[in-house]
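First comes the structure, then the notes that go with it.
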Amino acid sequence: MRTADHPAIPEARIGVLLVNLGTPDAPTAASVRRYLAQFLSDRRVVEIPALLWQPILRGVILAVRPRKSAHAYAQVWTEQGSPLAAITKRQTEALQRLLGDDISVAHAMRYGQPAIAPAIDALMAEGCRRILVAPLYPQYCAATTATVVDAANAHLATLRWQPTLRFLPPYPDAAAYIEALQTSLEQGLEALDFVPDTIIASFHGMPERTLQLGDPYHCQCRKTARLLSEAIGRPVEVAFQSRFGRAKWLEPATDVTLERLGREGRSVAIFAPGFAADCLETLEEIAIRGREQFVAAGGQNFAYLPCLNDSAPGMAMLETLVRRELAGWR
């Protein structure tokens with residue numbers, strides 16, 4: 001029995017926290033600089049000793065790159081903010097409807113706002129004593145999945161009353177994921193006014209060194225593409241985008257691949273199955289700059305097919321994966 005002076009405690013609930021990479025608050029150099037400073041200071045993202053890396057980051061990169069990146073963000077910014085922020089919010093709302101009112105669904109960004117720590121606090125304030133943290137990265141990478149786990153656990157270390165956490169595992173070969181990609185890809189291809197002779201799955205790149213150190217990301221990307229190719233009955237080429245710096249990155253590179261296919265006069269449909277939501281890397285880097293590179297090389301028919309986003313196939317997949325991980329809690 002609760003004593004009269006005992007503080008009120010909300011009824012115990014279950015929470016789900018969707019987490020994506022993050023975004024600046026505005027398409028301005030100042031906002032991008034704050035975002036990049038946090039993102040590129042993560043030791044999981046840039047595995048160079050801080051004594052060597054921070055002078056480069058503060059003295060060179062943050063002095064030059066924010067203005068260029070702000071221009072890129074401005075080309076895809078919407079009335080609701082960045083595409084990533086707007087789509088993640090819609091995914092959260094859609095999943096809340098699918099799961100029902102007895103579960104609280106929220107979202108956070110690993111870098112930028114809303115941050116993971118206050119999102120966990122807000123779920124706890126609603127009475128969530130069990131929280132499923134769902135990094136929206138189909139393929140595991142230390143620079144993405146692991147850093148979400150790091151941040152969530154670091155916040156728990158500051159709490160007196162800790163919630164019980166589960167983490168959504170990577171899902172590169174999950175049947176629900178492959179089926180959602182197949183449905184989305186086939187619908188996208190059917191809507192085109194040309195038949196592409198080359199289909200490209202473009203994944204975010206990582207330094208090749210991460211593969212040598214044991215990161216499974218490269219292998220999981222390849223597996224996703226292979227399973228999807230088998231599902232649609234057509235070859236799917238794999239490429240890796242967003243190279244940065246002088247280190248050797250996973251290959252083949254998306255921009256090099258598009259230029260080659262343009263010179264060969266091929267027709268291309270390209271999509272990004274490693275991204276849960278469209279963002280700068282898909283809408284500006286591929287749909288705008290990728291198209292320009294392809295056309296400049298001599299190509300003509302080019303189509304970028306959207307991510308799963310909050311589409312019906314994408315949300316059905318997410319509901320399936322989340323319900324699986326909530327087993328025993330509801």
Worksheet item: Checking Gly81 against (1) of a type in the set (Gly, Ala, Ser); (2) touching a Ser or Thr at 6+ places or on another chain (Cβ under 8 Å); (3) closer than 25 Å to Thr320 by Cβ, which test does it fail?
Response: (3)
Worksheet item: Quick check: is even one residue across region 23-43 open to solvent by less than 50 Å² (accessible area, probe 1.4 Å), in contact with a Cys (Cβ under 7 Å, 6 or more places away or on another chain), closer than 20 Å to Glu284 by Cα and part of a helix (DSSP H, G or I)?
Response: no
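For the structure I just gave you, tell me whether Gly265 is open to solvent by 50 Å² or more (accessible area, probe 1.4 Å) and in a loop (DSSP other than H, G, I, E, B). Steps first, answer last, please.
Details: open to solvent by 50 Å² or more (accessible area, probe 1.4 Å): yes; in a loop (DSSP other than H, G, I, E, B): yes.
For Gly265, the condition - open to solvent by 50 Å² or more (accessible area, probe 1.4 Å) and in a loop (DSSP other than H, G, I, E, B) - is met.
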Discussion item. Restricting to region 218-254, give me the number of residues that are in contact with a His (Cβ under 7 Å, 6 or more places away or on another chain) and modelled with pLDDT under 95.
Written reply: 1
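Taking region 122-149, which residues are over 30 Å from Leu228 (Cα atoms) and either without any contact (Cβ under 8 Å) to a residue 12 or more places away in the chain or crowded, with 16+ Cβ neighbours inside 10 Å (or both)? Explain how you work it out, then say what you get.
Let us first name the residues in region 122-149 that are over 30 Å from Leu228 (Cα atoms), namely 122-131.
Ala122, Leu123, Met124, Cys128, Arg129, Arg130, Ile131, listed by residue number.
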Item to complete: Would you mind telling me which numbered condition in (1) surrounded by fewer than 18 Cβ atoms within 10 Å (Cβ to Cβ); (2) touching a residue at least 24 places away in the same chain (Cβ under 8 Å) Met315 fails?
Response: (1)
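Would it be correct to say that Asp101 is charged (D, E, K, R) and either under 17 Å from the mean Cα position of the chain (by Cα) or within 22 Å of Phe240 (Cα to Cα) (or both)?
On the way: charged (D, E, K, R): yes; either under 17 Å from the mean Cα position of the chain (by Cα) or within 22 Å of Phe240 (Cα to Cα) (or both): no.
Judged against the criteria, Asp101 is not a match.
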Item to complete: Tell me which residues, restricted to region 185-207, are within 22 Å of the chain's Cα centre (by Cα), open to solvent by less than 30 Å² (accessible area, probe 1.4 Å) and farther than 18 Å from Lys223 by Cα.
Response: Gly188
Practice prompt. Collect the residues in region 223-261 that are touching a helix residue (DSSP H, G or I) at 6+ places or on another chain (Cβ under 6 Å), over 20 Å from Tyr177 (Cα atoms) and either in a helix (DSSP H, G or I) or among the small types (Gly, Ala, Ser) (or both), keeping them in residue-number order.
Written response: Ser242, Asp255, Leu258, Glu259
Worksheet entry | Of the criteria (1) farther than 27 Å from Leu280 by Cβ; (2) in contact with a strand residue (DSSP E or B) (Cβ under 9 Å, 6 or more places away or on another chain); (3) not hydrophobic (A, V, I, L, M, F, W, C), which one Glu190 fails | (2)
Worksheet item: Given the conditions (1) of a type in the set (D, E, K, R); (2) modelled with pLDDT of 95 or more; (3) over 23 Å from the mean Cα position of the chain (by Cα), which single one is not true for Arg330?
Response: (2)
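Looking at region 141-152, can you tell me whether even one residue there is hydroxyl-bearing (Ser, Thr, Tyr), outside any helix (DSSP H, G or I) and touching an Asp or Glu at 6+ places or on another chain (Cβ under 8 Å)?
Step one: filter region 141-152 for residues hydroxyl-bearing (Ser, Thr, Tyr), giving 144-145, 147.
Retained after the next criterion (residues that are outside any helix (DSSP H, G or I)): none.
The answer is no; no qualifying residue exists.
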Discussion item. Please go through (1) within 21 Å of the chain's Cα centre (by Cα); (2) outside any helix (DSSP H, G or I); (3) not charged (D, E, K, R) for Gly298 and return the number of the only condition it doesn't satisfy.
Written reply: (1)
Fill in: Residues of region 25-42 satisfying the condition of being within 30 Å of Thr164 (Cα to Cα) and either at pLDDT below 95 or touching a Ser or Thr at 6+ places or on another chain (Cβ under 8 Å) (or both)
Tyr35, Asp42
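The values are calculated or read from the model by the stated rules, or taken from the named source; none is laboratory data. Every value quoted in this text rests on a predicted model; they were computed, and no experiment measured them. Positions of Cβ are backbone-derived with ideal geometry, glycine not excepted, and every protein chain shown enters the neighbour counts. Keep in mind that these areas ignore ligands, DNA and RNA; they rest on the heavy atoms of the full protein, side chains included. Shrake-Rupley method; radii C 1.70, N 1.55, O 1.52, S 1.80 Å.
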